[in-house]
Amino acid sequence: MSTSVVRHPGEFRWETRLLGLVTLILTVIGIASSYSSGTYKQKWFDEATQQGVAALIGGVLFAAAAYADYRTWRKLALPMLIATLVALLAIGIVAVRWRGVPAPGVVGKIFPAVKGAHRWIQAGARIQVGEIARFTLPAWLAATAATLGARLRDFNTGFFVPITAVGLVCALVALEPSYSVATTLGVIGMTVLFTAGAKLHHLALAALIGCVALVLVLKLDPVRHKRHDTFKGSAIECVTDTQECQALIGFGGGGIKGVGFVNGSQKLGFTAEVYSDYMLSVIGEEWGFVGVVFVAICFALFCWMGFRIALTAPDPFGTYLASGLTVAVGVTAFMHAAVVTWLMPSTGLTLPFISVGRVSLLLYLLSAGVLVSIGRQRGKPARTK
């Protein structure tokens, strides 16, 4: 007669503590970088204060999520996804109707157009709903996959519904347009379904359809098509008037140790949106190779802990949710770094925990707290219903 061995939660404690420490370090780096990136506009106080306030509020969310039972998110998953879809649909209608031009009256105030795109809802703070989908989509997919179980391997009765939801969310985000966020959401969705045991040829078919759709919309969108052509044209020889080139100059200009905190020059108007889309360029110039490697190690540790938590989660929902939230951070950080190092065209993706963005920081800290919650439950006896 065999008895199941229940591992003591203390055996896993170092993983959740390390994840929490890495999250704190990345958040502090973000506050410092927001201060530095705001100095050239004499907005260092505003930038650092806003990021600091978001970090404090996010810290409360992190602690609340870490000590709450992560299974609560399974009950909230469907309402959260429905709310996300409704908001994305409203933004999509405005985006198609006005095509980047400010809408008149109240509509324009609620759904502002920023640099030719409708991606935000103005509700006190400017909220990018696509960022919220990075949490709500994997939460719903994890809950759905856990409910479906082995049926997920059947296309008609299992796989079709979740992959359709992924496609719908990605399509609505692409309407804004925000192809980089749509791509990220697609990767997150595929990761959760892969972790849940979906058949590889089903995932391959979905990935193929998604890639073909992305290529087509990039060809049809004149702004993104021009950006892609500019990237190809400057891939061999740096075109100094492109922001990608300026970001690369800043990234490599720091050498080994960097030019020193707040002493970078590329943020002085040479690189647009340096405080968000090219934050790693600021770190590379001011902190040098050492600083970039340190940040890369922090993200690697975060993803390592996240996947370790996913592998040892108490239940399938915890496994799927942890994998989705972890890959959301990892893929976004990788794509941001790829843009700064000139491996891909500019996408507008921020660097998690570090780039300026209050709502984005809140969501990443919430996600980290949920990962800690899943980790804290490991080794404990399963709850009886």
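Here are the numbers:
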{"item": "Number of the exception - residue 333 against (1) buried (at least 24 other Cβ atoms within 10 Å of the Cβ); (2) touching a residue at least 40 places away in the same chain (Cβ under 8 Å); (3) not polar (S, T, N, Q)", "result": "(2)"}
{"item": "For residue 136: the one exception among (1) under 21 Å from residue 119 (Cβ atoms); (2) out of contact with any Ser or Thr (no Cβ under 7 Å at 6 or more places or on another chain)", "result": "(2)"}
{"item": "Residues of region 1-27 classified as touching a helix residue (DSSP H, G or I) at 6+ places or on another chain (Cβ under 8 Å) and either at pLDDT 85 or above or β-branched (Val, Ile, Thr) (or both), total", "result": "10"}
{"item": "Counted residues, region 345-365 - those being out of contact with any Phe, Trp or Tyr (no Cβ under 8 Å at 6 or more places or on another chain) and in a loop (DSSP other than H, G, I, E, B)", "result": "6"}
{"item": "Residue count, region 340-360 (criterion: surrounded by 24 or more Cβ atoms within 10 Å (Cβ to Cβ) and touching a Leu at 6+ places or on another chain (Cβ under 7 Å))", "result": "4"}
{"item": "Test result for residue 368, in a helix (DSSP H, G or I) and buried (at least 24 other Cβ atoms within 10 Å of the Cβ)", "result": "yes"}
{"item": "Residues of region 191-209 classified as within 21 Å of the chain's Cα centre (by Cα), closer than 20 Å to residue 309 by Cβ and either not in a helix (DSSP H, G or I) or not polar (S, T, N, Q) (or both), total", "result": "4"}
{"item": "Residue in region 192-203 that is within 20 Å of residue 129 (Cβ to Cβ), modelled with pLDDT of 95 or more and either in contact with a His (Cβ under 8 Å, 6 or more places away or on another chain) or of a type in the set (Gly, Ala, Ser) (or both) present", "result": "no"}
{"item": "Count of region 187-202 residues which are under 16 Å from residue 318 (Cα atoms) and buried (at least 20 other Cβ atoms within 10 Å of the Cβ)", "result": "7"}
{"item": "Yes/no for residue 338 being out of contact with any strand residue (DSSP E or B) (no Cβ under 7 Å at 6 or more places or on another chain) and without any contact (Cβ under 8 Å) to a residue 12 or more places away in the chain", "result": "yes"}
{"item": "Among residues of region 57-97, those that are in a loop (DSSP other than H, G, I, E, B) and not small (Gly, Ala, Ser), counted", "result": "3"}
{"item": "When residues of region 98-144 are limited to those that are at positive phi and not in a helix (DSSP H, G or I), the one surrounded by the most Cβ atoms within 10 Å (Cβ to Cβ)", "result": "100"}
{"item": "Test: residue 326 is surrounded by 24 or more Cβ atoms within 10 Å (Cβ to Cβ), within 14 Å of the chain's Cα centre (by Cα) and farther than 17 Å from residue 310 by Cβ", "result": "no"}
{"item": "Search result, residues across region 99-145 that are in contact with a Gly (Cβ under 9 Å, 6 or more places away or on another chain), small (Gly, Ala, Ser) and touching a residue at least 60 places away in the same chain (Cβ under 8 Å)", "result": "116, 117, 139, 142, 145"}
{"item": "Residue ID - nearest to residue 324 (Cα to Cα), chosen from residues in region 167-186 that are of a type in the set (A, V, I, L, M, F, W, C) and surrounded by fewer than 22 Cβ atoms within 10 Å (Cβ to Cβ)", "result": "168"}
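The values are calculated or read from the model by the stated rules, or taken from the named source; none is laboratory data. Predicted model only: the values in this text are computed from it and were never measured. Because the Cβ atoms are built from the backbone with ideal geometry, glycine has one as well, and the counts that use them run over all protein chains shown.
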